[in-house]
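A.B. asks: First, the structure itself, so that you have it in front of you.
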Amino acid sequence: MATDYDSPRKTDDELGEDSIEELKARRADKSSSTVDVDEADLAESLELPGADLSGEELSVRVLPPQADEFTCSRCFLVHHRSQLARSEGGMHVCRECA
Ligand SMILES: [Zn+2]
């Protein structure tokens, strides 16, 4: 019977109902053409929000200096390269401290 494997799927849908609504809202924001999503697509994308969140947390915690930035060795502030007054042996000094 088809109902045998239909009931467990309904339970999954109920569990991820909130995520599905969020997903729909996000997709609607990006492009309205993807509003109509198959149940199979929704089930697959249900796993994505969790993975995305962990990635965002990591990127928020780790803030490596950009290639065009430097950390002043006196005030320990991160300045743009244009604010670099001088650098001696890896010690960078910004214009304000120079
Ligand atoms: Zn400085």
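The values are calculated or read from the model by the stated rules, or taken from the named source; none is laboratory data. It should be emphasised that the depicted structure is a prediction, and the values quoted were computed from it without experimental measurement. Glycine also receives a Cβ, built like all others from the backbone with ideal geometry; neighbour counts cover every protein chain displayed. Ligands, DNA and RNA are excluded from the accessible area calculation, which covers all protein heavy atoms including side chains. Shrake-Rupley method; radii C 1.70, N 1.55, O 1.52, S 1.80 Å.
A.B. asks: How much accessible area does H92 have with a 1.4 Å probe, in Å² rounded to the nearest 10?
C.D. replies: 60
A.B. asks: Distance in nm between label sites at E69 and E21, each 7 Å beyond Cα in the beta-carbon direction?
C.D. replies: It is 3.7 nm.
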